[in-house]
Amino acid sequence: MPGILQSQYSKCLGLFIAAVLVVILIGCSIVYGLTEISWGMAYEAFTQYNGSNEHIIVQQNRLPRALIAAAVGASLAVAGALLQGITRNPLADPSIFGINAGAGFAIVVAVSVFSTTSLTAFTWIAFAGAAFSAVVVYILGSAGRDGLTPIKLTLAGAAMAALFSSLTQGLLVLNERALEEVLFWLAGSVEGRKLEALITVLPYMLGGWTGALLLAPKMNALHLGDDVARGLGQKVWLVKGMAVLLVVLLAGGSVAVAGPILFVGLVIPHIARGLVGVDYRWLLPYCAFLGAMLLLAADIAARYVIMPGEVPVGVMTALIGTPFLIYLARKGIR
Amino acid sequence: MSKYVILRKRHLSYLFDKKALWVITILFVVLMFAALVSMGMGQMAIHPLDVLKALFGYGTEMERLVVTSFRLPRIMLAILAGAALAVSGAILQGIIRNPLASPDIIGITGGASVAVVTFFTLFSDRSNALTVSINWLPLAAFLGAFLIGFLVYILAWKEGVSPLRLVLIGIGLAAAMKALTTLMMILGPIYRATEANIWITGSVHGTNWREVLTLLPWVLAMGVLALVRTRHLNVQELGDEVGKGVGSAIQKERLILLTLSTALAGGAVAFAGGIGFVGLMAPHMARRLVGSAYGVLIPVSALMGGLIVLLADLAARTLFAPLEVPAGVFTAAIGAPYFIYLLFRQRQH
């Protein structure tokens with residue numbers, strides 16, 4: 001499937017434009033919101049910090065928020081593209097496969113059973129929960145006689161998500177205090193997150209991004225089908241295993257910082273494929289930039305919908321993603 | 001002697017395996033026995049024989065009060081909700097031709113959840129008191145379930161409704177409903193979130209007779225309608241081509257069956273909340289017992305579903321006493337491993 005951008009030159013240019021747009025959106029994310037901050041003041045907050053309210057907001061709130069949105073968006077989109085590649089399921093997405101719900105459950109267990117409050121512990125627990133459910137769903141989806149079929153994998157993910165969310169709800173019913181603490185996290189949000197949370201998971205995300213780029217040529221072979229890839233001398237199971245590991249790093253890290261954010265991993269790879277086609281060496285970087293753009297934009301929009309309140313960005317992406325999913329389902333999948 | 005009992009009228013035809021009749025009888029007896037035991041358990045333990053006495057108007061006044069006013073309606077609602085969810089699941093699995101489908105996975109329960117949280121949000125004043133009667137809550141839930149069922153159907157329509165589109169769109173809408181529910185819960189005060197959360201997980205706690213008497217005729221009517229249409233359901237399972245070949249109006253029947261399925265699930269969630277996995281588990285267990293001819297599958301599923309929710313509720317109110325856990329937690333706790341087991345041994349997609 002060829003994309004809109006055909007030549008090497010236009011693809012490079014497109015990537016450059018996307019990178020610039022990400023930077024602009026990060027700027028917008030710092031400037032726009034309930035507290036209006038001028039571009040000049042935002043600039044001063046970094047060059048001549050004077051401890052004024054606006055400067056504090058920029059440094060403590062807006063900047064971490066923007067960076068987290070960008071990193072999480074990029075990671076989720078790349079994770080989605082990898083998942084769609086190895087499962088041959090155009091509807092694959094970390095949230096549909098129950099990864100978010102697994103992390104949410106882990107967090108709720110930690111808060112209500114072990115009374116965890118530390119931020120770092122929070123991060124690690126979510127990370128572990130996400131990793132666990134990713135692996136379970138993948139194993140489940142590939143088990144059985146006919147191997148991975150899109151519908152089986154989707155149903156497996158949906159059921160795991162249902163399981164984790166009912167267990168989560170059960171625990172929350174028993175423990176009201178925990179509900180208060182995790183409810184906002186469960187909706188998926190980048191608001192009020194500390195920079196330290198990002199720094200804790202950033203090494204893993206970086207590892208995920210680099211790993212994905214290194215794996216891109218192998219993913220291309222895999223795209224031709226397992227048999228062809230095997231014919232080309234590829235160890236298919238090894239590539240798939242690597243890809244699952246990367247998905248765990250990327251999606252797990254994202255969920256740990258921002259909570260479950262739906263559908264970014266579903267929507268972006270499709271748009272990126274429309275732009276540059278199926279060559280993973282181009283597809284993955286495009287996914288990263290477009291994913292960052294989507295989440296930044298959704299987060300900015302989330303501040304204006306019910307001002308002065310805020311919609312969690314996870315809800316925004318779900319509302320954007322659902323029509324897209326319906327469109328894909330109607331278009332028909334292989 | 002033939003292996004079957006055959007019942008055939010103009011619009012009806014059933015083929016009852018004799019073994020199936022036995023299964024139905026045994027299940028019914030087990031269900032009644034479980035209900036009797038369950039009525040005796042709780043804060044105040046009552047011997048099953050004394051329960052029987054109390055049911056027929058003998059025994060102490062205290063026993064009569066506990067059994068007939070508190071426990072019996074709750075148990076009846078559990079059975080009714082379980083049966084409705086199970087039959088709804090059985091119908092859905094037939095339409096979608098995939099044994100992994102169930103009303104909660106395709107968003108019908110999610111629609112009801114959104115409606116309930118919206119209800120709490122719209123109709124409470126500043127001090128968190130409801131401004132309308134809580135009796136309207138089931139209606140809101142039911143409408144929510146119906147609306148989503150309808151929406152899934154419309155969106156899946158493209159020169160007919162294909163089972164695959166139905167599932168995928170259902171899952172998508174279920175995710176969107178979940179997001180909306182969380183949003184509504186965050187916007188409201190925490191007290192309301194807790195309230196809604198208990199409902200969403202599914203519980204028959206605090207049931208009264210009025211609720212039972214509202215749900216009973218509904219489930220009976222829909223159940224009978226489902227039985228009447230079983231032969232169309234049998235045809236649906238064979239696929240569109242064969243269905244057309246034998247002269248069934250495939251699309252029309254699919255709409256009717258889907259409506260029935262939604263009506264049953266909607267009725268159940270309206271009163272018992274989002275009890276998960278029953279619509280998935282019960283028809284499966286039934287299929288293992290009596291095979292997949294819908295004439296017997298539907299009653300057996302219903303009994304099985306009733307039994308599952310009854311036991312889940314029993315566990316919910318006794319295991320962590322004095323705390324009440326929603327029954328839905330237990331159905332999920334058994335349902336999910338069962339589902340995983342099914343995935344492993346599933347042959348066709």
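Computed from the coordinates by the stated procedures, all read-outs in this text should not be read as laboratory data. Just so we're clear, the structure is a prediction, and the values are computed from it rather than from any experiment. FYI the Cβ positions are ideal-geometry reconstructions off the backbone, even for glycines, and counts take in every protein chain you see.
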Once you sort the root eigenvalues of the Cα gyration tensor of the range B:137-222 as a ≥ b ≥ c, which label holds: rounded (a/c under 1.5), prolate (a/b larger than b/c) or oblate (the other case)? oblate
Let me make sure I get this right: for the range A:8-333, a, b and c are the square roots of the gyration tensor eigenvalues over alpha carbons, sorted descending. Under 1.5 in a/c it's rounded, otherwise prolate if a/b > b/c, else oblate. Which is it? oblate
Starting from the alpha-carbon convex hull of the protein assembly as shown, give the projected area averaged over all orientations, in nm². 34.1 nm²
Relative contact order (%) - criterion: Cα under 8 Å, at least six apart; region: chain B: 29 percent
If you average the C-alpha positions of the range B:254-279 and of the range B:157-196 separately, how far apart do those two centres end up, in angstrom? 15 Å
In terms of the alpha carbon gyration tensor, root eigenvalues a ≥ b ≥ c, rounded if a/c is under 1.5 and otherwise prolate when a/b exceeds b/c or oblate, the range B:180-240 is oblate
Cα convex hull volume per residue for chain B, in Å³, equals 154 Å³
Once you've got the GNM for chain A with C-alpha springs shorter than 10 Å, pick whichever of A:Gly231, A:Gly321, A:Gly241 has the biggest mean-square fluctuation. A:Gly231
Under the rule that an exposed site lies in a DSSP loop and has at most 16 other Cβ atoms within 10 Å, name the longest stretch of chain B with no chymotrypsin sites (Phe, Trp or Tyr not before Pro) of that kind, not counting the sites themselves. B:124-319
In whole angstrom, note down how far apart the Cα centers of the range A:291-321 and the range B:37-90 are. 49 Å
Spin-label point model (7 Å from Cα, Cβ direction): what's the B:Thr25 to A:Leu232 distance in nm? 6.5 nm
Pairs beyond 29 Å (Cα-Cα), from A:Lys194/B:Lys178; B:Lys158/B:Lys178; A:Lys331/B:Lys252; B:Lys19/B:Lys53; A:Lys331/B:Lys178; A:Lys194/A:Lys240: B:Lys19/B:Lys53; A:Lys194/A:Lys240
Can you give the longest stretch of chain B with no exposed loop site, where a site means trypsin sites (Lys or Arg not before Pro) in a DSSP loop (not H, G, I, E or B) with at most 12 other C-beta atoms within 10 Å? B:159-346
Take the range A:1-125, drop everything but the C-alpha atoms, weight them equally and run the Debye formula without solvent; then report log10 I(q)/I(0) at 0.11, 0.13, 0.21 Å⁻¹ to two decimals. -0.66, -0.85, -1.13
